[in-house]
Structures are given as C-alpha cells and as structure tokens.
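Scroll down for the structure; my scribbles are underneath it.
The values are calculated or read from the model by the stated rules, or taken from the named source; none is laboratory data. All values reported here derive from a predicted model rather than from experimental measurement. Cβ placement follows ideal geometry from the backbone for every residue including glycine, while neighbour counts extend to all protein chains displayed.
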Amino acid sequence: MAKRKAPPRARKPAAKQRKRTQPKARPAKSRSGRAAAKIARKTPPRTKRASKKPARKAATKGKRVLKPAPRKKLPPATRVIAPKEPAVKKLVLVFLGPPGVGKGTQAAKLAQALKLPHISTGDLFRDHMKRETPLGLKAKEFVNAGKLVPDEVTVGLVEDRLQRGDCGNGFIFDGFPRTVGQDVELNKVLQRRGEQIAAALYFAAPDAVIVERISGRRTCRQCGAISHVKFNPTKVEGRCDLCGGETYQRSDDAADKVSKRLEEYAANTGPLVERYREQGLLREIDATKGVDEIFGVMSAVVTAL
C-alpha cells in the first residue's frame with residue numbers, strides 16, 4: 001500500500017516590515033543659525049539647583065548627623081553693662097576722737113536718727129564678760145592682768161556683733177578701730193561681708209577742753225548712767241536722775257590721768273587718723289561746739305556721703 005504524503009506545513013505569515021520613514025528635510029539655515037545650533041548642542045540643558053538640605057543629607061549618608069545649635073541673640077561686644085546699685089546702701093561709719101571729746105554722744109544720736117546699731121567695744125567687752133562667753137573669758141584674763149586686750153580678741157567680738165540681723169543696713173563704730181592693726185583686721189572682716197567703710201568722722205578738740213569734760217564726769221554705781229557736774233548735772237548732787245543710785249568719779253577720770261590718756265591716744269590712734277586722711281575717708285568735725293550744733297554739722301557730712 002502506498003504511503004500518503006503529509007500535507008505541506010502552512011507558512012507563518014511574514015512579520016510586517018517596519019516602514020522606514022525618510023527623515024524630514026530640515027530647512028536650510030543660515031551660517032549664523034548653524035553656529036547657534038552647534039553651541040546649543042554643546043551646552044547641557046540647565047537644571048534646577050538642588051536645595052542645600054538634600055545635598056547635605058547625601059554628603060552625610062551613613063554618618064551621624066548633628067543638629068545645629070540654636071542661635072542666640074548676643075549683645076554687641078562693645079556694650080558695657082553697669083552693675084545695678086543695691087536697693088539699700090549700707091552705711092558703715094567710724095567715729096574717732098580722743099576720750100571725752102563727745103563722739104559717743106554723737107554716735108548714739110545719729111544711730112537713733114538713722115536706726116542703725118551703735119557698736120562700742122567697751123559695751124561689747126562688758127556684755128561678753130558678763131555672759132562669760134569664750135571671747136569674754138579670754139578678754140577678762142587680759143583686763144584682770146592690767147594688759148591691753150589683743151587685736152584678734154577685740155576684732156572677734158566685733159565680728160560676732162555684726163552677725164546680728166540689725167546690721168543689715170549698716171552700723172556705726174564708736175571708738176573702734178583704735179590702731180592701724182585693728183583697722184587692717186576690720187577691713188578683712190568687712191571684705192568677707194562685701195562691705196567697706198564709708199567715712200571716718202574725727203571729732204577734734206583741744207586737750208584743755210577734754211580734761212575739763214572728763215574730770216567733771218560722774219558715773220552711776222547702779223545703772224552706769226553718766227552725768228557731768230557742769231554740762232549735765234543731776235537734779236540732786238551725788239544721786240542718779242534715772243535710778244537714784246550713787247554717782248562717783250572714776251579713778252581714770254582724774255585730771256592727771258586724763259592728760260596721760262590723751263598722750264597714749266595720740267601715740268596709738270594718731271597714725272590711724274593719718275591713714276584715713278590718706279585714703280580720703282577722714283571728715284574732721286569741730287567738737288568744741290554745743291551738742292546740737294555738732295549734730296547738725298555731722299548730719300550734713302553724713303548726708304553728703
């Protein structure tokens with residue numbers, strides 16, 4: 001039996017051939033136009049500049065990014081800011097003068113008028129010795145031996161007194177410091193407190209006037225009040241007006257001893273007076289006038305500080 005021939009396979013339809021399009025003819029350009037077109041082909045097209053923020057991120061990719069510190073408005077370097085004055089200016093005064101010149105009386109009057117504490121080393125000695133404080137017992141040893149109390153003990157008593165609350169606006173020293181050494185130690189105490197002496201008021205009078213004042217002074221045995229046989233006599237001679245106690249003349253108030261005390265004062269305190277004069281702190285007041293007249297002159301001096 002004869003084999004049958006397989007039918008011929010159908011050919012796949014041929015893919016459509018893309019028609020080639022002829023490039024459109026460009027219009028002829030002039031020589032200047034061709035040059036401009038050539039420059040345009042060489043120059044890359046302009047693109048928008050990338051913002052700084054993405055560029056910074058790309059540069060610091062994979063690294064720790066630190067946040068910029070906040071900008072603070074700083075004052076100009078040439079600006080000088082003056083310190084503000086305190087609301088209450090502390091008034092530190094030193095009253096100087098030989099014994100019996102009347103500085104204690106004026107210090108008490110001014111302290112009352114300004115409502116400032118009146119600090120006298122004599123009062124401090126008596127108070128601490130009466131209460132038998134450590135400083136008082138130490139001072140008592142020298143007093144009983146007839147010796148001068150060392151400066152460190154005296155300044156220690158003063159520094160202890162300044163710790164009280166009534167010294168917040170200032171204070172008045174009556175007869176302290178007496179020597180240059182005490183003044184040096186006092187300045188150390190004041191520097192630690194942020195204070196300084198405003199003025200040193202020196203009450204001056206001739207020795208003859210001072211001898212008359214001191215030798216006529218009388219002291220009450222009970223309350224310690226002081227009177228004077230000529231300038232401030234008691235109503236009843238020999239009796240205190242305040243408590244009725246007996247009045248007497250202290251042994252160191254005798255005329256001969258007063259003259260000796262004036263010599264010692266000039267030797268010990270004279271250099272201190274000159275020291276305050278050189279520092280521009282000294283204010284001299286005529287103490288030969290009456291109490292009220294002296295107070296008026298002193299008040300004007302303090303007001304002008």
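Computed quantities for the displayed model
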quantity	calculated
Residue match in the range 138-155 (condition: buried (at least 20 other Cβ atoms within 10 Å of the Cβ), over 23 Å from Ile226 (Cβ atoms) and modelled with pLDDT under 95)	yes
Failed item, numbered, when Gly238 is tested on (1) surrounded by fewer than 14 Cβ atoms within 10 Å (Cβ to Cβ); (2) within 18 Å of Ile214 (Cβ to Cβ); (3) not basic (Lys, Arg)	(2)
The range 236-260 residues that are touching a residue at least 24 places away in the same chain (Cβ under 8 Å), paired with ones that are in a loop (DSSP other than H, G, I, E, B) (beta carbon under 6 Å, 6 or more apart)	Gly245/Arg221; Gly245/Gln222; Glu246/Arg221; Thr247/Gly238; Thr247/Cys240
Residue identified as more than 30 Å from Lys90 (Cβ to Cβ), more than 30 Å from the chain's Cα centre (by Cα), part of a helix (DSSP H, G or I) and among the acidic types (Asp, Glu) among Asp292, Asp252, Asp241	Asp252
Those residues of the range 104-155 which are among the β-branched types (Val, Ile, Thr) and closer than 18 Å to Val301 by Cα, in sequence order	Thr105
Test: Leu305 is touching a residue at least 60 places away in the same chain (Cβ under 8 Å) and either among the aromatic types (Phe, Trp, Tyr) or in a loop (DSSP other than H, G, I, E, B) (or both)	yes
Every pair of residues 6+ apart whose Cβ atoms lie under 8 Å, when the first sits in the range 179-201 and is in contact (Cβ under 8 Å) with a residue 60 or more places away in the chain and closer than 18 Å to Asn169 by Cα while the second is aromatic (Phe, Trp, Tyr) and assigned to a helix (DSSP H, G or I)	Ala200/Tyr276
Residue match in the range 232-243 (condition: modelled with pLDDT of 90 or more and touching a helix residue (DSSP H, G or I) at 6+ places or on another chain (Cβ under 7 Å))	no
Pairs where the first residue, in the range 206-233, is free of Cβ contacts under 8 Å to residues at least 60 places away in the same chain and the second is acidic (Asp, Glu) and surrounded by 14 or more Cβ atoms within 10 Å (Cβ to Cβ), C-beta under 7 Å, 6+ apart	Ser215/Asp253
Hits in the range 218-243 - residues which are among the acidic types (Asp, Glu) and closer than 18 Å to Gly290 by Cα	none
Condition met for Glu274 (free of Cβ contacts under 8 Å to residues at least 40 places away in the same chain, acidic (Asp, Glu), assigned to a loop (DSSP other than H, G, I, E, B) and farther than 19 Å from Gly104 by Cβ)	no
